[in-house]
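Please read the structure below before turning to the comments.
The values are calculated or read from the model by the stated rules, or taken from the named source; none is laboratory data. Owing to the predicted nature of the structure, the values given are computational and were not obtained by experimental measurement. A quick note on method: Cβ atoms are made from the backbone with ideal geometry, for glycine too, and the neighbour counts reach across all protein chains shown. Heavy atoms of the whole protein, side chains included, go into the accessibility calculation; ligands, DNA and RNA do not. Shrake-Rupley method; radii C 1.70, N 1.55, O 1.52, S 1.80 Å.
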Amino acid sequence: MSEKTVKTPWYPFTGGVPVHLKYFQGSMFEMVASVAAAYPKYVAFDFMGKSTTYAKMIRKIEQCAKALKTIGIRKGDCVTIAMPNCPQAIYVFYAVNLIGGIASMVHPLSSEKEIEFYLNESRSVTIVTLDQFYGKIEAIRKNTGIVNVILARIKDELSKPLRAGYMLTEGYKIARIPKDAPVISWKDFMKLSGCCFYNYKVDRGDNDPAVILYSGGTTGTTKGIVLTNRNFNALAEQVIATNPMFVPGDRMLAAMPIFHGFGLGVCIHTMLAKGGRCVLVPRFTAKSYSKLITRYKCNFMAGVPTLYEALLRLPNMTHADLSHLKGVFSGGDSLSIELKKKFDDFLSSHNSSIRIREGYGTTECVTASCLTPVELSKEGSIGIPFPDTYYKIVKPDTDEELPYGEEGEILISGPTVMAGYYNRPEETARALRVHADGMTWLYTGDLGIMDDQGFIYFKGRIKRMIITSGYNVYPAQLENIIDAHEKVQMSCVIGVPDQYKMQKVKAFVMLKPGIEPSVALKEELLAYCRKYIARYAMPYDIEFRKELPKTLVGKVAYRVLEEEEAGKAGKEL
């Protein structure tokens, strides 16, 4: 191991956090069950006003596991879970783990063709989803190997007063399921547990596959990322170790979705594996998020930068008391320096003594593997690696390690690194490589810098790089500059096809509330940019948008803007 690599663990900025941790030996379910045995009466999660204790949660998971065994799910089988953050999703996720299956996590709002792809990619024979998505599943069922479709309903997990209101506002919109539909209702499914009396628990080891999450990965094409029990259990230990202020019973606002590594790994499994309390948010909006923060006096909240940008604009947060917060985390996308400053000021003015802490990770490591320490931050840095996790900066796509301060590709090694891509050995071999130090390194496809104290600085994705007239331009750097303008809420910079330059730079800007777009304002912003941006990297145009497109997990969907501009260029040619 090189000298630079040795310096990257949590030292000397640990604040008492150990460099090495002890990890739970066993499955995800077993780790959660051990905590439930210690805190049976603690609340495991809240869902729309209804609380469920750890003891009840374990009973429901075991009942669900027996039902899965009854319908024929066996060790190593994939079960697709296309659910929002709701109780049934938690029960079935851990039940699949208990019987030795693999949970393939899918966004329920994915298109029909996307769901068809996920089902075939994972070779699932069973899917669990909500009744409102039945039509979408039935439309593609014949093109897949699906045998069992299990439909749950949100209303079944609501208290009686809320159930009536839900049916009046949301439930009536859901199309009726035909009586002869080839599906199993959640209630009937759970009753099948009565047909299974023993041998439903399967021993699974640390390194056995447990979860498939989907990501574009380092090559930009969608693939299944195979994660093990150890990946998730190690993450739980690391997250809590780097947040020593956590105590069992603390509340996490779980708005990040269960099909996403951030939501599943941090907001749900870390909390349930360490005695925390998840406040489940089935349908995320900034307004609902803000209400739940104050209603439940949440101690921890996690989200992508667009969430924090939206909270700054909400009038109901004006007089909110946030003194109960112990940790606020940003990940999933680059947090601009200006947005961090704005949100830190917001926290301070709302009685909070903490500051937002930026992290970094990839789905190939479940989620975060690097976080800003509690007691020390550096402007523009995403922090330092988790315990037992190592970072290395190399010349892209090589094993040639670069000196401190030089920009290169970020490589990660540690206990949360994936087992590989599902049924894609060649792509796995490109992403996971053993170096001369004997360690397996994940090639992230992201650019960064490491300083001589082990702090990491994210500089952009290798794939998201604009090459104009031979110059490399990194959109995140330009967005930081534009976002710092007093009239700008947020921006997105992309490369637009150009016959002469190959690509030219264009900026899309969302203005702050109350500020109207105009030709004069565009000229003002361009003049401002000229002060801070090199001529070759200057946007040739700024387009104002009321909203910027978002991905399903709330990131700015820059690819949508790229496709729009590519379409325009094609018509012009």
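The distance between label points at Arg433 and Arg530 comes to 4.4 nm (points 7 Å beyond Cα on the Cα→Cβ vector).
Each DSSP beta bridge with both residues in the chain is either parallel or antiparallel, and the antiparallel ones are about 60%.
Please say if region 456-573 is rounded, prolate or oblate, where rounded means a/c under 1.5 for a ≥ b ≥ c the square roots of the C-alpha gyration tensor eigenvalues, and otherwise the choice is prolate for a/b larger than b/c and oblate otherwise? Let's see the in-between values first.
Details: a/c = 1.24, a/b = 1.23, b/c = 1.01.
In terms of gyration-tensor shape, rounded.
An oblate overall shape is assigned to region 251-307, the ratio a/c of its alpha-carbon gyration tensor axes (a ≥ b ≥ c) being 1.5 or greater and a/b not exceeding b/c. Between the Cα long axis of helix 286-295 and the first principal axis of the chain there is an angle of about 60°, rounded to the nearest 10.
At the residue level, Thr222 shows approximately 60 square angstrom of accessible surface with a 1.4 angstrom probe and all protein chains present. Rounded to whole Å, give me the distance from the Cα center of region 73-89 to that of region 348-372. So the two Cα centres are separated by 28 Å. Carbon-plus-sulfur accessible fraction, region 281-399 (probe radius 1.4 Å, protein heavy atoms only): 51%. Our helix-only sum for the chain, with -39,500 (n - 2.57) per DSSP H run of n ≥ 4 divided by its residues, gives a mean residue ellipticity at 222 nm of -8500 deg cm²/dmol. What is the sum of charges, Lys and Arg at +1 and Asp and Glu at -1, for the other residues whose Cβ falls under 12 Å from the Cβ of Ala255? With Lys, Arg at +1 and Asp, Glu at -1, the neighbours total +3.
Find the eigenvalues of the gyration tensor of the Cα atoms of region 40-168, then list the square roots of 5 times those eigenvalues as equivalent ellipsoid semi-axes, largest first, in whole angstrom. Please report the intermediate quantities before stating the final value.
Working: eigenvalues 130, 76, 23 Å².
Three semi-axes, in Å: 25, 20, 11.
For the chain, what ratio Rg/Rh do Cα atoms give with a Kirkwood hydrodynamic radius?
Numbers: Rg = 23.8 Å, Rh = 24.8 Å.
In the chain, Rg relative to Rh is 0.96.
Could you work out the Kirkwood radius for region 337-463, taking every pair of different alpha carbons, averaging 1/r and inverting it, reported in Å? Let's see the in-between values first.
Details: mean 1/r = 0.0641 Å⁻¹.
Over region 337-463, the inverse of the mean reciprocal pair distance is 15.6 Å.
Here's the picture: charge each Lys and Arg Cβ at +1 and each Asp and Glu Cβ at -1 in the chain, and of Gly567, Tyr118, His485 the one pushed furthest to the positive end of that dipole is Tyr118. A viscosity of 0.692 mPa s and a temperature of 37 °C, combined with the Kirkwood radius over Cα pairs in Stokes-Einstein, give a translational diffusion coefficient for region 373-437 of 236 µm²/s. Over region 489-536, the fraction of Cα-Cα pairs per 5 Å bin, rounded to whole percents and listed from the shortest bin up, is 5, 16, 23, 26, 17, 9, 3, 1.
Pairs of Cα atoms under 8 Å, at least six residues apart: use those to get the relative contact order of region 377-518, whole percent. Display every interim value, and only then the final one.
Working: 243 pairs, mean separation 24.2, N = 142.
Reported relative contact order: 17 percent.
Amide H contacts of Asp208 (H built 1.01 Å from N, in plane; Pro and chain starts excluded): Asn229, Arg230 sit under 5 Å, all sequence-distant by 5 or more or on other chains. Compactness of region 188-322, taken as the C-alpha radius of gyration over 2.2 N^0.38 Å, stands at 1.27.
Within a straight-line Cα-Cα reach of under 18 Å, Lys395 can be paired with the following aspartates and glutamates, leaving aside sequence neighbours fewer than 8 residues apart in one chain: Glu3, Glu406, Glu407, Glu409, Asp437, Asp446, Asp451, Asp452.
Enter the angle in degrees (range 0 to 90, nearest 10) between the Cα long axis of helix 87-98 and the first principal axis of the Cα atoms of the chain, meaning the one along which they spread out most. Once rounded, one gets 80 degrees.
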